[in-house]
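Working notes for the structure below.
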Amino acid sequence: MSGPRPGEDVPAPLLAQPGFIALLLYRITAMLSYQIVAVTVGWHIYEITRNPFSLGLIGLAEVLPYFCVAPFAGYLVDHLPRRRLGMAACAGLVLTALILVGVASGWLPFDGVWPIYAAIALTGMVRAFLSPIYNALFARVLARGQFARGAGVGSVVFQAGMVIGPALGGVLVAWGGKGVAYGVAAAAALLALWALAALKVEEPPAPAHPAPIFASIAEGARFVWNTPVMLGAMALDMFSVLLGGVVAMLPAFIQEILHYGPEGLGILRAAPALGSVVVGLWLARRPLQRHAGPVLLTAVAGFGLCVIAFGLSRSFWLSATILLFYGAFDGVSVVVRSTILQLATPDEMRGRVSSINGLFISSSNELGAFYAGTMARWLGLVPAVVLGGCAVLGVAGITAWKNPILRRLNLRDLH
């Protein structure tokens, strides 16, 4: 059955709706697959090269194909059956993981790191569809009045995948080897595909006269540009994570500064997501309505302080604790931005707007990984991270000064 639509009777509780449960299963299993691959690839490449710059190239190898595909992915999500498109994307995740199984096991006649980067490039193309599919189907399985609470629950599930995935990836690499870890990632992607196959949802009718593809993509870009609260939230997240991301450098910190094995890498990769889960659970029970803007800006400043503290830490468990708070502050940004996206976007544009949002996120995450690797090569690991944290504090201050709409944001004004 499809989810409740606006104007119907009081909708059922979120977790009593089969469509929402299937959508959450898709989200967490796709994230598990992606995160297991991410943590395993980081260890795999650093094991071969012993060069922090090579870790930054992982982000570049993923983000360039993502940028090429994402605008077209949004168009396709708005014009093709969303569920089937998501199933095809999950099949792409399966293929990527199986290629990496072949590389790690020596079944493929390739040496060096270039086939690993090639597989990551394929992941970037596939991942361009995952979030737009989720965001478009989200609005079909929930009533509008449930969007804020649903965004909190969705964030918890997403971050749970980011907690379990890296930890599981680290354990699998330590106990079973890289081939086993990649194999489990393939199985998780298959489960995500099955969840979408089982999802029963009423999809919107295809446009009778669809606009030309580039004109349609431009329409989505104009919508975002002309919605200051959405543009401001996306830009704030992009620059803060671009300048202050530390996750890509964790393999180097583990081996050069904190002196732990792959299981330690899994713990550190999971700690930020665990912090985000705690925040997501809180915001799912008590959704933000008033003062969302000041809370968002304060959280970004806290994120920057955590980046500085992590760079200065020499204790493994202190670093893990700092990353826990780092993730909690980032979790506030994720929930607020997701709620803005759902409330402010017309249903017929969800794919394109979500893809534009994905471009901002990937600019921060994958380009941030390349930026971090480059800065670490020039300045060293610790100075690069501390400088990035200081830059995040500057971004928060400039945004608070220059964007009064975001500074005064109340989410209830978007309903």
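Among the residues of the stretch 98-119, those that are part of a loop (DSSP other than H, G, I, E, B) and surrounded by fewer than 16 Cβ atoms within 10 Å (Cβ to Cβ) comprise 106, 107, 108, 109, 110, 111, 112. On inspection, residue 187 qualifies as over 18 Å from residue 131 (Cα atoms), in a helix (DSSP H, G or I) and at pLDDT 95 or above.
All of (1) at pLDDT 90 or above; (2) surrounded by 24 or more Cβ atoms within 10 Å (Cβ to Cβ) hold for residue 339 with one exception: (1).
Would it be correct to say that residue 275 is touching a Leu at 6+ places or on another chain (Cβ under 8 Å), closer than 20 Å to residue 387 by Cα and surrounded by 19 or more Cβ atoms within 10 Å (Cβ to Cβ)? Considered against the rule, which asks whether it is touching a Leu at 6+ places or on another chain (Cβ under 8 Å), closer than 20 Å to residue 387 by Cα and surrounded by 19 or more Cβ atoms within 10 Å (Cβ to Cβ), residue 275 comes out as no.
Answer with yes or no whether residue 84 is at pLDDT 85 or above, within 25 Å of residue 197 (Cα to Cα), surrounded by fewer than 17 Cβ atoms within 10 Å (Cβ to Cβ) and charged (D, E, K, R). So residue 84 passes the test. Of the numbered criteria (1) surrounded by fewer than 16 Cβ atoms within 10 Å (Cβ to Cβ); (2) touching an Asp or Glu at 6+ places or on another chain (Cβ under 6 Å); (3) not aliphatic (A, V, I, L, M), the one residue 228 fails is (2). All but one of (1) of a type outside the set (S, T, N, Q); (2) part of a helix (DSSP H, G or I); (3) buried (at least 21 other Cβ atoms within 10 Å of the Cβ) hold for residue 288, so report the exception by its number. Tallying (1) of a type outside the set (S, T, N, Q); (2) part of a helix (DSSP H, G or I); (3) buried (at least 21 other Cβ atoms within 10 Å of the Cβ), residue 288 fails exactly one: (2). Any residue at all in the stretch 173-184 that is within 17 Å of residue 280 (Cα to Cα), touching a Leu at 6+ places or on another chain (Cβ under 8 Å) and assigned to a helix (DSSP H, G or I)? For the stretch 173-184, residues within 17 Å of residue 280 (Cα to Cα), touching a Leu at 6+ places or on another chain (Cβ under 8 Å) and assigned to a helix (DSSP H, G or I): absent. Just one of the listed residues (95, 122) is of a type in the set (A, V, I, L, M), without any contact (Cβ under 8 Å) to a residue 40 or more places away in the chain and either surrounded by fewer than 21 Cβ atoms within 10 Å (Cβ to Cβ) or farther than 21 Å from residue 198 by Cα (or both), and it is 95.
Taking the stretch 299-310 as the search range and keeping residues that are of a type in the set (Gly, Ala, Ser) and over 13 Å from residue 243 (Cα atoms), which one is surrounded by the most Cβ atoms within 10 Å (Cβ to Cβ)?
Of the residues in the stretch 299-310, the ones of a type in the set (Gly, Ala, Ser) are 299, 301-302, 304, 309.
Restricting the remaining residues to those that are over 13 Å from residue 243 (Cα atoms) gives 299, 302, 309.
On the way: 299: 22, 302: 19, 309: 19.
Taking the candidates together, the pick is 299.
Within the stretch 393-404, the residues that satisfy the criterion of being surrounded by 17 or more Cβ atoms within 10 Å (Cβ to Cβ) and at pLDDT below 90 are 395, 396, 399, 400, 403.
For the structure I just gave you, tell me whether residue 127 is charged (D, E, K, R), under 25 Å from residue 270 (Cβ atoms), in contact with a Gly (Cβ under 9 Å, 6 or more places away or on another chain) and buried (at least 19 other Cβ atoms within 10 Å of the Cβ).
Working: charged (D, E, K, R): yes; under 25 Å from residue 270 (Cβ atoms): yes; in contact with a Gly (Cβ under 9 Å, 6 or more places away or on another chain): yes; buried (at least 19 other Cβ atoms within 10 Å of the Cβ): yes.
In short, yes.
The values are calculated or read from the model by the stated rules, or taken from the named source; none is laboratory data. Note that the coordinates shown come from a computational prediction; the quantities given were computed from them, not determined experimentally. Every residue, glycine as well, gets a Cβ built from its backbone with ideal geometry; the counts of neighbours run over all protein chains shown.
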